[in-house]
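Peer 1: This structure is in structure tokens; I'll ask about it shortly.
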Amino acid sequence: MREPNLEIERKYLLRALPPEAGRCRSVLIDQGYLPGERIRERVRRISDRSGERYVRTLKLGRGIARQEFEEETTAEVFGALWSVTRGKRLQKRRYFVPEGRLTWEVDDFTDRDLVLAELEIPSVDFRVVIPGWLEPYLIREVTEEKGFGNHELAR
């Protein structure tokens, strides 16, 4: 059984947004990181047709498996924390593409020419099969590559 609050995911660099992703449900994410070196805390405003919601997240560790603690918060808390994230922000449109029992999350960054796909998997040794709709757009896996984590991408 998987440890609670353990996030296991693989990340892939894409050459463009696959049309399949563009046809799926999406949200706009404004994301900022609070100052800190050992603890990564972020705040998010997630917007879609139904409105906005706000989330605080703490992530510990690096690589494929990390501890993640997340909670909903208020617009007021988001606003107060957002003010200290200047210089460590990003914006992306996230598309949710169901594939069997899993869901690919494809992030199209709005402030740069970058598209990443992530897949949360049930175990570290889970064999990821790249679906046909994604294959032509795949450049390489970047799960362990420094520089492709959202914290490093934030500016």
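Peer 1: Compute the length gained on full extension between E68 and L6: take 0.36 nm times their separation in residues and subtract their Cα-Cα distance, giving the result in nm to one decimal.
Peer 2: Gain on stretching E68 to L6: 21.7 nm.
Peer 1: In whole Hz, what ³J(HN,Hα) sequence does region 42-47 give by Karplus (6.51, -1.76, 1.60; θ = phi - 60°), x for Gly and Pro?
Peer 2: Karplus-based 3J(HN,Hα) across region 42-47 equals 10, 10, 9, 10, 10, 10 Hz.
Peer 1: Another question, then. Please report, in debye to the nearest 20, how large the charge dipole of region 5-85 is about its Cα centre when each Lys and Arg carries +1 at its beta carbon and each Asp and Glu carries -1 there.
Peer 2: For this selection, approximately 380 debye.
Peer 1: Cα atoms only: what Rg and Dmax, in Å, come out for the chain?
Peer 2: When restricted to Cα atoms, the chain yields Rg and Dmax of 15.4, 43 Å.
Peer 1: Another question about this same structure. Let's see if you can work this out: charge +1 on each Lys and Arg Cβ, -1 on each Asp and Glu Cβ, no other charges. What is the dipole magnitude of the chain about its Cα centre, in debye to the nearest 20?
Peer 2: My answer is approximately 340 debye.
Peer 1: For a protection proxy built on the mean count of beta-carbon atoms within 10 angstrom, sort 94-106, 47-59 highest first, please.
Peer 2: Result, highest mean first: 94-106, 47-59.
Peer 1: Ranked highest first by average number of other Cβ atoms within 10 Å, how do 142-153, 20-31 line up?
Peer 2: Answer by packing, highest mean first, reads 20-31, 142-153.
Peer 1: As a test of the formula, what do you get for the chain when each DSSP H run with n ≥ 4 contributes -39,500 (n - 2.57) and the sum is divided by the residue count, at 222 nm and rounded to the nearest 500 deg cm²/dmol?
Peer 2: After summing the helix terms and dividing by residue count, I get -2000 deg cm²/dmol.
Peer 1: So how do 130-139, 112-121 stack up, highest first, on mean other-Cβ count within 10 Å?
Peer 2: Top of the packing list down: 112-121, 130-139.
Peer 1: If you average 1/r over all unlike Cα pairs in region 18-75 and invert the result, what Kirkwood radius do you get in angstrom?
Peer 2: 13.2 Å
Quick note: the coordinates plus some simple rules give every number you see, no bench work behind them. Every value quoted in this text rests on a predicted model; they were computed, and no experiment measured them. No Cβ is skipped: glycine too gets one built from the backbone with ideal geometry, and neighbour counts run over all protein chains shown.
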